[in-house]
Amino acid sequence: MAELKPGDQVGMLAPLGHGFFQEEYLDRARQSDEVLHVAGGIGIAALLLPARELARAGIRQRLFFGGRAKWDLVGVQDFKPYVSAAVLATEDGSRGHTGYVTQPLAEYLARRPDKKFLLMVCGPWAMLRASAELARRYGHPCLVSMENRMGCALGVCLGCCIRVVGTGHGAYQRVCTEGPVFWAEKVVWDEEELPMT
């Protein structure tokens, strides 16, 4: 790609997978008081397009964004036209809340038991799992964009499978084709547990 010149043609296979699709989340977003975007590190990139689409639909949004240090918090300014507020967190305390971003998220949800939220989450596995647990605890729908190692990105190699609710072959789905976005309640978050049937 570095050798391409203006006007060169390239072949591309896209789009791949099942992302944050409007037809899946828009009705739930409209039923919510606010959509909460929860991002960790580079996970923020996956949430920008749905934030833009939700803003066009007039839906209130808030961003919770965490990283290890302040230099990990890139792209926040791109969300400013779309969200009412951005809550930042860093593990080293160099910017925003000190600790994981799920801590201010938990406080926000606990203070608003009468509100309805839709959570849209992208980031590392531990953050996805913690966010899904908070959504379950407070009774809010939650979409998670999973990350996994991919060999082919076409669904052939099965290297990116995650455990989901189901049995037999139905207990696994491919992040590259059926995902990366799943409803959180469909994902089996216990990494050690293997299906016996």
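The values are calculated or read from the model by the stated rules, or taken from the named source; none is laboratory data. Keep in mind that this is a model prediction, so the values were computed, not measured. Using ideal geometry, Cβ is built from the backbone for each residue, glycine included, and neighbour counts are taken over all protein chains shown. We work out accessible area using only protein heavy atoms, side chains counted, and drop any ligands, DNA or RNA first. Shrake-Rupley method; radii C 1.70, N 1.55, O 1.52, S 1.80 Å.
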For the stretch 118-197, what is the accessible area per residue in Å², given a 1.4 Å probe and the full set of protein chains?
51 Å²
In whole Hz, what ³J(HN,Hα) sequence does the stretch 25-33 give by Karplus (6.51, -1.76, 1.60; θ = phi - 60°), x for Gly and Pro?
10, 5, 4, 5, 5, 5, 7, 9, 6
Which part of the stretch 39-63 falls in the paramagnetic zone of GLU133, meaning amide N under 18 Å from the point 7 Å along Cα-to-beta-carbon?
39-40
Of the stretch 117-147, those with amide N under 18 Å from the point 7 Å along the Cα→Cβ vector of ARG163 are 125-133, 146-147
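Going by average Cβ density within 10 Å per residue, which order do the peptides 12-22, 88-98, 138-148 take, highest to lowest?
In descending order of packing, they fall as 138-148, 88-98, 12-22.
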Carbon and sulfur: what percent of the stretch 136-190's accessible surface (1.4 Å probe)?
54 percent
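Counting each DSSP H run of 4 or more residues in the chain as -39500 (n - 2.57), what helix-only mean residue ellipticity at 222 nm follows after dividing by all residues, to the nearest 500 deg cm²/dmol? Kindly include the intermediate steps, with their values, before the conclusion.
Numbers: 5 runs with 48 residues, N = 197.
Taken over the chain, the calculation gives -7000 deg cm²/dmol.
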Of the candidate values (i) 157; (ii) 173; (iii) 201, the one computed for volume of the Cα convex hull per residue in Å³ from this structure is (i)
Per-residue counts of other Cβ atoms within 10 Å, averaged by peptide: what ranking do you get for 99-107, 167-175, highest first?
99-107, 167-175
Note: probe point = Cα of CYS152 + 7 Å toward Cβ; backbone nitrogen < 17 Å; residues of the stretch 11-30 passing the test are 13-14, 16-18
